[in-house]
Amino acid sequence: MRLLVIGVVAVCTWGARLRINPDGIAYLDVSDYFLAHGLSDPHVGYWSPLFPFVLALARGIFGAGPQYERQIAHIVNFCVFIVALVAYELFLRAQWRAVSTETIDGGPGFPWTRRALAFFAFGYLLLTWMGVELVSASFMTPDMLTAAALFAAAALVLHIEARAEHRHVIMQAVALGVVLGLGYLGKAVMFVVALVLLATLAAHAFRRARSLAPVAIATACFLLTSAPGIWSASRVGGHLTFGDSGRLNYAWFIGGVPAPYWFVPGLPVPAPLTRPAHVDPVHGVSLDTLSRLALLPRVYDIDRPSIGGTVPLWYDAVQWYPRAFRFTPSLRRQQHVLRQNAMWLWGHFTLLFLGTLIVIAVSGRSLRGAWRVELTLIVPCIAVVVLYLFVYIETRYVGPFIIVAAVAAVAGAFAVRTDHARAAAARVARRAAMVVAVVQILRGLGAITDQVEFGLRDDVDGVLARAVVASVGEHARVAIIGDPFAAHWTRLARSRVVAFVPPDEAEMYWAGPDSARAAIVDSLRVLRVALIVADQPPVAARVDTTVWHSVPGAPEGTLVRRP
C-alpha cells in the first residue's frame, strides 16, 4: 500500500514538473535571497521562511539556474510528501494503539488482523487522495510541509497521552514543540494550530490529574523554535506579530480592501502612471486626465527599489499594506463569505463528512472512552477549518486537518472486536468508512489524468522565456498587458514586471485610439521597460503587426513588442 501511494504521487509530480504558480514564483524569489545571503533575514513578511529555505538548499545542491528550477522545486515537494508519509504512518500506528490492544508489528508470530488492515487501508486511501487532489503536486507551496508537521504532531500527541508518566515523555514533548515550531516556520497558520493543540492537551492533562510538565516543555520548545519567524514577521510588519498574512486576507475578503490578486477585484496601487505629462494632439490633456475620463486603461507602476521579486506586487504584500491602513469589516460581507465557504466545504467533502457521521452514529457509545484522547486532535483541526471558513478556503489549506480529524473520529469503530456487543454495528461502520475512502479516490482519478495530460504538453512558458532572454537578456524590466500573475515565464526569464494594465481593462487598451496607446508606451518607456508582453488580446483587436510579434511555441495569443 505504501509503494502504491508513493507511485501515484510520483506520477502526479512528473506531470506537474513544468508547472509553476504565482505563490511558487514568490517562494523561488525568496529562495534567491537565501542563496545569495545565507541565513540572514530576507525581510519578507507575507511568506514564511522554511519552504523557500529548503528550496534554496536544493537549488544550491542541484543548480540554481532557470532551466531546471521548476523540476527541482517539485522534487522538493515530493520529498516533503515522503516525509509526510512517514509521519502519517506513525500517526496511524499511534492512533491504532490508542484504541486497540492488537499488535500491528506483523511477522509470523504477530499477523495483522483484518480490523488493523482495514484501518490502515482506510488511512492510506485518504492519504492518496490528499497527495493527488487535496494538496496537489502541481502547487509549488508549503502546504505539504504543513501536512507533514501536522501528522508528526498528531503522532507525538498520542504518544504523550499514552505514556504520560513514562520517562521518555519529556523527549517526546521536546519533539512536539520543535515539530510545531517548524510547522509555523513553514506556514503561519500553524501558530494558531499549535496554540489550540497545546491548550487542548493541557486541558486533557488537567482533567485527568496528570502533570502539566510535558505541555509546558512542548510550549517552551515551540516558542523557541518559532522565535526567528516571529522576529522576522514583527520586524517587517513594524509590530509584534507571528505573521500578517491572516490580517491581510481578512482585509481583502471581509474588509473590502482592494487586493493584489485575481480573486478579489481591484489593486493596492491607487495611482495610474502619470509620467510623462503627455499631451494628446486630439484631446489636449495629460495621460492621467485621460484615465479619469475612461479613455485610457489604468497602468500600474509596481516597481519599488525596496521590494524585490519577479512580480513586486506579490513578492511581499505586507510592504504594500503598512500597519497603519484601516479597514471596516462588513457584517453582510462576512455572512456572505461564511455561507459561500461553508457550501464550498460541504460540496468538496460531502462523502467524507457523511461517512464519518455514519460511523459515529452506528458505533454509538462504545467510542466515547476512546474519544477522550481523540478530541485532543479533533478540536484543533476543527478550529483551523472554522478559521478558514471565515476568510478564504481551499482544499490544500484544510485537507490535512480534515483527514486527521476523520481518522481520529472513526478509529474506534475499526478496533471493535468480533466478540464485542456492538460488533455488528462496528462492522457496518467499517464498511461505510471504506466505501467513502474508495469513492473519494475514484473521484480523484480525474486529477491524476489531468496531471499526466499536462506533463505531455509542450513547455510553452519555457519557450517564451528563452525568446525573451534572446531578445532583451536576463533581468529585463517588462510590462504586461493582462494578468501579471499568469505570466509564469517571467520567473524563467529572470525578468521583473515593473508595470501592467489590469486584465479587466486590457480590452480598453486594444479598443482605444492609437494616440492613447502611444501615450501608454511613452510612459512605459520612462520606466525603462525593455519589453511589453500582451496576454491574449481580443480577437477583434486592432493589432499593429509592424510592432507586435508572436513567438512560435509560446502560450497561445501572446504578443511582444519593444517600447
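The values are calculated or read from the model by the stated rules, or taken from the named source; none is laboratory data. Given the structure is predicted, the values throughout are model-derived calculations rather than measurements. Please note: Cβ atoms are built from the backbone with ideal geometry, for glycine as well, and neighbour counts cover all protein chains shown.
Within segment 472-487, residues that are assigned by TED's automatic domain parsing to the domain that holds ARG304 reach partners that are of a type in the set (Ser, Thr, Tyr) and modelled with pLDDT of 90 or more with beta carbons closer than 6 Å, at six or more positions or on different chains, in the pairs ALA476/SER495; VAL478/SER495. When ALA137, ALA155, ALA148 are checked against the criterion of being touching a residue at least 40 places away in the same chain (Cβ under 8 Å) and not in a helix (DSSP H, G or I), a single residue qualifies: ALA137.
Are any residues in segment 284-342 assigned to a loop (DSSP other than H, G, I, E, B) and either modelled with pLDDT under 70 or touching a Cys at 6+ places or on another chain (Cβ under 6 Å) (or both), and if so, which ones? Don't jump to the end; show me each part of the working.
Restricting attention to segment 284-342, the residues satisfying the condition of being assigned to a loop (DSSP other than H, G, I, E, B) are 284-286, 293-299, 302-311, 316, 321-330.
Result: GLY284, VAL285, SER286, LEU293, ALA294, LEU295, LEU296, PRO322, ARG323, ALA324, PHE325, ARG326.
From VAL391, VAL373, which residue is farther than 17 Å from ALA432 by Cβ, in the same structural domain as ALA84 (by TED's automatic domain parsing), among the β-branched types (Val, Ile, Thr) and at pLDDT 85 or above?
Numbers: VAL373 fails: at pLDDT 85 or above.
Answer to the selection: VAL391.
Out of all the residues in segment 117-173, which are of a type in the set (Phe, Trp, Tyr) and modelled with pLDDT of 95 or more? Give the steps one after another, and end with the answer.
In the first step, residues of segment 117-173 are kept if they are of a type in the set (Phe, Trp, Tyr); the result is 119-120, 122, 124, 129, 139, 151.
Scanning segment 117-173 gives a single hit, PHE151.
Listed here are the residues, each with its yes/no results for (1) more than 36 Å from the chain's Cα centre (by Cα); (2) crowded, with 19+ Cβ neighbours inside 10 Å; (3) not polar (S, T, N, Q).
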residue	(1), (2), (3)
TRP510	no, no, yes
SER515	yes, no, no
ALA519	yes, yes, yes
LEU527	no, no, yes
ASP535	no, yes, yes
ALA540	yes, no, yes
PRO555	no, no, yes
THR558	no, yes, no
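Quick check on segment 87-94. Is at least one of its residues at pLDDT below 95, more than 18 Å from the chain's Cα centre (by Cα), buried (at least 20 other Cβ atoms within 10 Å of the Cβ) and not in a helix (DSSP H, G or I)? The answer is no; no qualifying residue exists. The numbered conditions (1) modelled with pLDDT of 55 or more; (2) of a type in the set (A, V, I, L, M, F, W, C); (3) part of a helix (DSSP H, G or I) are all true for LEU240 except (3).
Among the residues making up segment 20-43, a single one is part of a loop (DSSP other than H, G, I, E, B), crowded, with 21+ Cβ neighbours inside 10 Å and in contact with a Phe, Trp or Tyr (Cβ under 7 Å, 6 or more places away or on another chain): PRO42. Annotation: of all residues in segment 533-560 being among the small types (Gly, Ala, Ser) and within 15 Å of VAL478 (Cβ to Cβ), the one that is modelled with the highest pLDDT is ALA534.
Restricting attention to segment 6-51, and to residues there that are among the charged types (D, E, K, R) and touching a helix residue (DSSP H, G or I) at 6+ places or on another chain (Cβ under 6 Å), which single residue is modelled with the lowest pLDDT?
Residues of segment 6-51 that are among the charged types (D, E, K, R), as a first pass: 17, 19, 23, 29, 32, 41.
Those still in the list that are touching a helix residue (DSSP H, G or I) at 6+ places or on another chain (Cβ under 6 Å) too: 17, 29, 41.
Details: ARG17: 89, ASP29: 96, ASP41: 84.
Within segment 6-51, the match that is modelled with the lowest pLDDT is ASP41.
The condition of being surrounded by fewer than 24 Cβ atoms within 10 Å (Cβ to Cβ), in the same structural domain as ALA94 (by TED's automatic domain parsing), under 23 Å from the mean Cα position of the chain (by Cα) and of a type in the set (Ser, Thr, Tyr) holds for only one of TYR184, TYR124, that being TYR124.
Residue under question is GLY446, and the condition is that it be without any contact (Cβ under 8 Å) to a residue 60 or more places away in the chain, in contact with an Asp or Glu (Cβ under 9 Å, 6 or more places away or on another chain) and within 30 Å of ILE403 (Cα to Cα); does it hold? Taking the combined requirement at face value, the residue satisfies it. Of everything listed in (1) without any contact (Cβ under 8 Å) to a residue 60 or more places away in the chain; (2) under 22 Å from GLY24 (Cα atoms), the single unmet condition for SER550 is (2).
Screening ARG525 against (1) under 11 Å from ILE481 (Cα atoms); (2) out of contact with any strand residue (DSSP E or B) (no Cβ under 9 Å at 6 or more places or on another chain) leaves a single unmet condition, (1). Take ALA530 and tell me if it is of a type in the set (Gly, Ala, Ser) and modelled with pLDDT under 85. Against the criterion (of a type in the set (Gly, Ala, Ser) and modelled with pLDDT under 85), ALA530 does not qualify. Hey, does segment 234-253 have a residue that's β-branched (Val, Ile, Thr) and surrounded by 22 or more Cβ atoms within 10 Å (Cβ to Cβ)? No; the residues of segment 234-253 include none that is β-branched (Val, Ile, Thr) and surrounded by 22 or more Cβ atoms within 10 Å (Cβ to Cβ). Considering each residue of segment 241-259 in turn, none proves to be touching a residue at least 60 places away in the same chain (Cβ under 8 Å), in contact with an Asp or Glu (Cβ under 9 Å, 6 or more places away or on another chain) and of a type in the set (Val, Ile, Thr).
Is segment 244-255 home to any residue that is in a loop (DSSP other than H, G, I, E, B), of a type in the set (D, E, K, R) and modelled with pLDDT of 85 or more?
Taking segment 244-255 first, the residues in a loop (DSSP other than H, G, I, E, B) are 244, 254-255.
This time we only want the ones that are of a type in the set (D, E, K, R), so: 244.
Keeping just the survivors that are modelled with pLDDT of 85 or more gives 244.
Yes, segment 244-255 contains a residue that is in a loop (DSSP other than H, G, I, E, B), of a type in the set (D, E, K, R) and modelled with pLDDT of 85 or more.
When PRO258 is tested against (1) under 22 Å from the mean Cα position of the chain (by Cα); (2) surrounded by fewer than 20 Cβ atoms within 10 Å (Cβ to Cβ); (3) in the same structural domain as ALA162 (by TED's automatic domain parsing), only condition (3) is not met.
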